[in-house]
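The next block holds one structure in the form of structure tokens; read it before the comments.
What follows draws every value from the coordinates through simple rules; no lab data is involved. None of the values given here were measured: they were computed from a predicted structure. Every residue, glycine as well, gets a Cβ built from its backbone with ideal geometry; the counts of neighbours run over all protein chains shown.
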Amino acid sequence: MTNAEDARVAVDAGADAIGLIFVPETPRFVEFELAKAIAATVPAHVKRVGVFVDETVEAMNRLAREVPLDLVQLQFDMPAESARRIEVPFIKVTRVRGAIDVDRLKTYNAVAYLLDTYVEGVPGGTGKTFDWDLAGPVVEAGLPVLLSGGLTPDNVAEAVRRVRPYGVDVSSGVEARPGVKDHDKVRAFIANARRALND
């Protein structure tokens, strides 16, 4: 989220969490003061997730306290022992390009495991799907999977039915332009995902 209006629409549509991206090289980057302002509009039942690439534990902990954030999303390959020093629950991201090492994921003890599409040199937001069958072993191991990568209002229901993830994650798939949400797409995405839970 890059503005409070987009966050409000997502919350009103039933989002369980909103993301704030602290990666300066992306069109979805939010400065500290803006992140704080957006976070202040989000009700307590909706989680505020800070997304980071190549950031120190100290910096993530400071932002978690000061924004504040409920969760940290590690969009990079931080060692498990370092991740355990994060002061709030964290989401471990895996960029999928083949079979997933479930045993390695388990060493993180993350609150959830986000599976995203691997694209060389791109940490996320690719708009591309991966082979959802590769998520099967992670789900079967009982790990809470967040499915990401190329999801849109048109394919999220199929993704939910096939993978049965703990949750789904979207950004570019519901945008009018980079960093700005299309409110109709946001509403449709959430509605389609929730309907598929009952299929």
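Quick look at the numbers
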{"item": "Extension gain, ARG104 back to GLU58 (0.36 nm per residue minus Cα-Cα distance, nm)", "result": "14.2 nm"}
{"item": "Charge dipole (the chain, unit charges on Cβ, about Cα centre) - positive-most of ASN198, MET1, ILE91", "result": "ASN198"}
{"item": "Relative contact order, percent, the stretch 4-196 [alpha-carbon distance under 8 Å, six or more residues apart]", "result": "16"}
{"item": "Exposed-site-free run, longest, the chain (rule: chymotrypsin sites (Phe, Trp or Tyr not before Pro); DSSP loop; at most 16 other C-beta within 10 Å)", "result": "1-75"}
{"item": "Choice from ALA44, ALA35, ALA176 with maximal GNM fluctuation in the chain (Cα, 10 Å cutoff)", "result": "ALA44"}
{"item": "Within a Gaussian network of the chain (alpha carbon springs, distance under 10 Å), most fluctuating of SER82, SER172, SER148", "result": "SER82"}
{"item": "Of ALA112, ALA37, ALA15, the one that fluctuates the most in a GNM where the chain has Cα springs shorter than 10 Å", "result": "ALA37"}
{"item": "Cα-projected label distance for ASP154 with ALA4, points at 7 Å along beta-carbon direction, nm", "result": "3.5"}
{"item": "Rounded D (µm²/s) - the stretch 65-109, Kirkwood Rh over Cα pairs, Stokes-Einstein at 20 °C, 1.002 mPa s", "result": "184"}
{"item": "Stretch in the chain that is longest and holds no GluC sites (Glu not before Pro) that DSSP places in a loop and that have at most 16 other beta carbons within 10 Å", "result": "121-199"}
{"item": "Rounded to the nearest 20 debye, dipole of the chain from Cβ charges on Lys, Arg, Asp, Glu", "result": "380"}
{"item": "The chain, helix-only ellipticity at 222 nm - DSSP H runs n ≥ 4, -39,500 (n - 2.57), divided by all residues, nearest 500", "result": "-9000 deg cm²/dmol"}
{"item": "Volume per residue that the Cα convex hull of the chain spans, once the total is divided by residue count, Å³", "result": "110"}
